[in-house]
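All remarks here apply to the structure that follows.
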Amino acid sequence: MPPRRHRPWREEAAEIAAKHGITVDQLLSRSRSRRVTWPRQELMWRMCATRRISPARVGQLLGGWDRTTVRHAVQRHEARLSGGAA
């Protein structure tokens, strides 16, 4: 059986942006508003958790975020998923 192929990460970015009513440019921006950071954290989580891309690589792809920032974003999104205060 051939390895499972993922769709391009930019398609996922577009899906998440549309779901949250923002543009992909906003999603990939340096904005720190909650309206943008929560969707960005979701994208970082998807890329790390489902695609197994390293936090350093995710940070590079999304515009130069540090790997520790990506790890923090993943933790925040996981806390929201589990119903914790994030």
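Residue-normalised convex hull volume from the C-alpha trace of the chain: 102 Å³ per residue. Taking all Cα pairs closer than 8 Å and separated by 6 or more residues, the relative contact order of region 3-69 comes to 22 percent.
Assuming charge only on the beta carbon of Lys and Arg (+1) and of Asp and Glu (-1), the dipole of the chain about its Cα centre is about 140 debye to the nearest 20.
No value in this document is a laboratory result; all are computed from the given coordinates. Here the structure is a predicted model, which means the values were calculated and not measured. For neighbour counting, all protein chains shown are included, and Cβ atoms are generated from backbone atoms with ideal geometry for every residue, glycine included.
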